[in-house]
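Visitor: I have a structure here, written as structure tokens, and I will follow up with some questions on it.
The values are calculated or read from the model by the stated rules, or taken from the named source; none is laboratory data. All of these numbers come straight from a predicted model, not from anything done at the bench. Neighbour counts run over all protein chains shown; Cβ positions are idealised from the backbone, glycine included. Only protein heavy atoms, including side chains, enter the accessible area calculation; ligands, DNA and RNA are left aside. Shrake-Rupley method; radii C 1.70, N 1.55, O 1.52, S 1.80 Å.
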Amino acid sequence: MDKKADGVDREYFSVTAEEFDAPKEMHEFSETYKRNKKRMLKNYKRSVCRPVPIRWGQAAAAFLLLLIMPAIVSAASGSGFFYRVWGSLGKENIEAHEEILYEEEKGASCIVTYPKREYTDKGIERAKELIGDAVSYPSLVKEIGDTRLTVLGAAYDGSAAVVEFTLEREGGVQGFVYDRLYNESKGAWFSEEAPFYFFFRDCSENILVDMDKSTQESLHCYAYLVAKMERQAQEGLGLTLEIYQNEADDAEQTEAADTLFIPIRKEIEKEEYVNGEGGIVSLSPMSMEVDCRVGLSLSEEEAYDPWHIYYVAVHYKDGSAYVVQEHEMEGVHSCETEIDNTGYTCGTEDAHLVFVFNRLVDTGNVESVVINETAYAPDAGMP
């Protein structure tokens with residue numbers, strides 16, 4: 001595999017992803033991984049195993065590195081949750097654009113091309129029918145020092161999860177870094193000045209801040225996660241948020257200072273689509289999981305590299321299509337505009353790729369799925 005593409009040192013990307021966010025066993029993280037991730041968070045870095053749609057203009061490029069919470073204008077349940085997490089509420093369509101970014105650590109600037117992103121309310125009217133009975137609205141409150149964390153809603157489909165939450169603190173939430181460009185790239189993150197930080201256990205995540213709802217003292221956030229949950233003996237099915245304190249002496253914590261269990265009502269059902277060689281796509285209204293090893297004409301090495309998945313689309317029976325992601329690949333695929341219509345994308349150790357959608361997919365009206373040049377049809381063996 002070519003180690004450079006579009007000026008990017010892909011070997012660097014591979015090392016970054018494997019060291020910090022690619023699980024050694026898909027959803028069973030090693031202690032080394034956990035220590036590295038904590039160190040990463042403390043050192044201003046967030047890099048995830050995803051087919052990065054933003055292209056870096058120089059080899060010196062660095063990979064960009066949760067939360068939102070203003071006053072809730074609508075109930076933290078029902079249609080309000082669906083429109084905020086998967087609809088256009090609090091979001092705006094973004095055309096592809098370039099930005100010049102400076103990486104202080106490396107002392108270099110680079111030109112970054114951000115992909116086109118679109119949001120839509122299409123399909124929200126069927127949200128209750130598709131996933132309504134699986135969404136939980138726990139309204140959990142956790143006091144972390146003088147900051148209040150409130151979990152408003154959560155859903156899970158076996159591959160991905162979404163969580164809506166807020167952070168509030170009188171005088172302003174400390175050490176939480178977010179802006180429009182972070183929402184378009186790697187999400188919000190905690191700096192060294194933050195008195196605490198947290199992440200979802202055994203998950204990879206991207207956290208977007210609702211810029212319309214958020215104020216200095218109240219941040220409103222949506223976390224898009226890739227995870228495989230196990231039912232807990234006492235709590236049942238759910239996510240665990242691990243909370244760590246930033247120590248004054250810069251000592252590294254090996255154990256979470258506190259945890260918060262977020263219950264999940266039930267797992268959202270998925271449907272399978274297969275290609276001509278038996279490769280499988282698992283599709284739910286909120287995500288898609290692709291087995292990149294079968295039917296995509298990829299070598300073993302390429303199947304483990306998310307960059308080789310350059311086009312992903314869901315085709316509906318009415319002839320329309322939801323382009324989930326598209327990017328150029330020299331000598332293989334070209335496109336006028338690079339697109340990323342996901343909340344998050346993450347690869348796994350078993351060469352699967354999970355796309356967490358930025359909209360709801362009406363699975364009852366899906367005709368086919370297309371990955372690169374390969375079509376997937378509904379599995380006739382499924383009920």
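Visitor: Calculate the length of the line joining the C-alpha centroid of region 261-318 to that of region 168-225, in whole Å.
Guide: So the separation of the two Cα centres works out to 28 Å.
Visitor: Right, next: Using the structure shown, list the pairs from Lys122/Lys317; Lys91/Lys213; Lys91/Lys266; Lys142/Lys213 with a Cα-Cα distance above 18 Å, or answer none.
Guide: From Lys122/Lys317; Lys91/Lys213; Lys91/Lys266; Lys142/Lys213, over 18 Å: Lys91/Lys266; Lys142/Lys213.
Visitor: Enter the accessible area of Leu219 (Å², nearest 10), with the probe set to 1.4 Å and all protein chains included.
Guide: About 0 Å², rounded to the nearest 10.
Visitor: OK, next. State, to one decimal in nm², a quarter of the convex hull surface area for the C-alpha atoms of region 171-243, i.e. the direction-averaged projected area.
Guide: Details: hull surface 23.6 nm².
Over every viewing direction, the Cα hull of region 171-243 projects on average to 5.9 nm².
Visitor: While we're here: Starting from the 7 Å offset along Cα-to-Cβ, what nm value, one decimal, do you get for the label separation of Gln174 and Ser299?
Guide: If labels sit at Gln174 and Ser299, their model points lie 5.2 nm apart.
Visitor: Now for a separate question. As an exercise, use a Förster radius of 30 Å and the Cβ-Cβ distance of Glu129 and Asp379 to find the FRET efficiency, rounded to the nearest 0.05.
Guide: 0.85
Visitor: Out of every Cα pair in region 132-217, what percent are spaced more than 16 Å from each other?
Guide: Working: 2184 of 3655 pairs.
That tail contains 60 percent of the Cα-Cα pairs.
Visitor: Computed from the mean reciprocal separation of all distinct C-alpha pairs, what Kirkwood hydrodynamic radius does region 266-383 have, in Å?
Guide: Answer for region 266-383: a Kirkwood hydrodynamic radius of 14.4 Å.
Visitor: Could you state how much accessible area Ile144 has, in square angstrom rounded to the nearest 10, with a 1.4 Å probe and all protein chains kept in place?
Guide: 10 Å²
Visitor: With every protein chain left in place and a probe of 1.4 Å, what is the accessible surface of Asp179, to the nearest 10 Å²?
Guide: Counting only protein heavy atoms, Asp179 exposes about 60 Å² to solvent.
Visitor: For region 149-178, which GluC sites (Glu not before Pro) are both in a DSSP coil and crowded by at most 12 other Cβ atoms within 10 Å? Don't skip to the end; give the middle numbers.
Guide: Numbers: sites: Glu164, Glu168, Glu170; in loops: Glu170.
Passing sites in region 149-178 are Glu170.
Visitor: Quick one: divide the alpha-carbon radius of gyration of region 324-379 by 2.2 N^0.38 Å and tell me what you get.
Guide: Compactness ratio reported: 1.28.
Visitor: Which residues in region 107-132 place their backbone N less than 15 Å from a point set 7 Å from the Cα of Asp318 along the Cα-to-Cβ direction?
Guide: Correct set: 120-127.
Visitor: Oh, and also: For region 104-174, what size does the Cα cloud have along each of its three principal axes, sorted from largest down, in whole Å?
Guide: Taking max minus min along each principal axis of the Cα atoms, region 104-174 gives 51, 38, 24 Å.
Visitor: At a 1.4 Å probe radius, which order do Trp86, Trp189 fall into by accessible area, largest first?
Guide: Numbers: Trp86 0, Trp189 20 Å².
Sorted descending by solvent-accessible area, the residues read Trp189, Trp86.
Visitor: Continuing with this model, one more query. How big is region 114-273 in terms of Cα radius of gyration and Dmax, in angstroms?
Guide: When restricted to Cα atoms, region 114-273 yields Rg and Dmax of 16.5, 52 Å.
Visitor: May I pose another question? Where Rh is the Kirkwood radius over the Cα pairs of region 251-303, the temperature 37 °C and the viscosity 0.692 mPa s, what D in µm²/s does Stokes-Einstein return?
Guide: 223 µm²/s
Visitor: Tell me the trypsin sites (Lys or Arg not before Pro) within region 166-204 that lie in a loop according to DSSP and have at most 15 other beta-carbon atoms within 10 Å.
Guide: When the trypsin sites (Lys or Arg not before Pro) of region 166-204 are filtered for loop state and at most 15 Cβ neighbours within 10 Å, nothing remains.
Visitor: If you split all Cα-Cα distances of region 290-340 into 10 Å bins from zero, what percentages do you get per bin, shortest first?
Guide: For region 290-340, the pair-distance distribution reads 23, 47, 28, 3.
Visitor: Can you give the three extents of the C-alpha atoms in region 200-352 along their principal axes, from longest to shortest, in whole Å?
Guide: Result, largest extent first: 52, 39, 36 Å.
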